[in-house]
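The next block holds one structure in the form of structure tokens; read it before the comments.
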Amino acid sequence: MVNQVTLNVQGMSCGHCVSSVEGSVGKLDGVNEVKVHLESGKVDVTFEEDKISLDVIKETIDDQGYDVV
């Protein structure tokens, strides 16, 4: 089943932040799409629940140095 969530992420402030989050999350197996909205501090993620959990996605963002709230 495909799921779409919007996460609130703190600490993103520049283009590098966008490419870091989009690149790392986008490489995960089961993630179909990831879009960072820098101005609002939000990240839209479309993923397949049977392949990857939301916790893994949040952990991947956290590993890049940003806080999912």
Note to self: Just checking, does the stretch 53-66 include any residue being modelled with pLDDT of 95 or more and in a strand (DSSP E or B)?
What the structure shows: no
Scanning the stretch 2-27 for residues that are of a type in the set (Ser, Thr, Tyr), outside any strand (DSSP E or B) and over 14 Å from Glu59 (Cα atoms), the one least open to solvent (accessible area, probe 1.4 Å) turns out to be Ser19
Among residues of the stretch 33-44 being within 16 Å of Gln4 (Cβ to Cβ) and in contact with a Gly (Cβ under 9 Å, 6 or more places away or on another chain), the residue most open to solvent (accessible area, probe 1.4 Å) is Glu33
The one condition Lys58 fails out of (1) surrounded by fewer than 15 Cβ atoms within 10 Å (Cβ to Cβ); (2) of a type in the set (D, E, K, R); (3) in contact (Cβ under 8 Å) with a residue 24 or more places away in the chain is (1)
Taking the stretch 45-69 and keeping residues under 13 Å from Thr6 (Cβ atoms), out of contact with any Leu (no Cβ under 6 Å at 6 or more places or on another chain) and hydrophobic (A, V, I, L, M, F, W, C) leaves Val45, Phe47, Leu54, Ile57, Ile61, Val69
- Would you mind stating whether Val69 is of a type in the set (Val, Ile, Thr), surrounded by fewer than 13 Cβ atoms within 10 Å (Cβ to Cβ) and over 9 Å from the mean Cα position of the chain (by Cα)? yes
Flagged pairs (Cβ under 7 angstrom, 6 or more apart or on separate chains; first in the stretch 5-20, over 16 Å from Lys35 (Cβ atoms); second open to solvent by 60 Å² or more (accessible area, probe 1.4 Å) and assigned to a strand (DSSP E or B)) are Gln10/Asp67; Gly11/Asp67
Those residues of the stretch 28-52 which are in a loop (DSSP other than H, G, I, E, B) and without any contact (Cβ under 8 Å) to a residue 12 or more places away in the chain amount to Glu39, Ser40
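The values are calculated or read from the model by the stated rules, or taken from the named source; none is laboratory data. Everything numeric here is computed off the predicted structure, so don't read it as measured data. All Cβ positions, glycine included, derive from the backbone under ideal geometry; neighbour counts span all protein chains shown. Quick note on the areas: whole protein, heavy atoms, side chains included, nothing else; ligands and nucleic acids left out. Shrake-Rupley method; radii C 1.70, N 1.55, O 1.52, S 1.80 Å.
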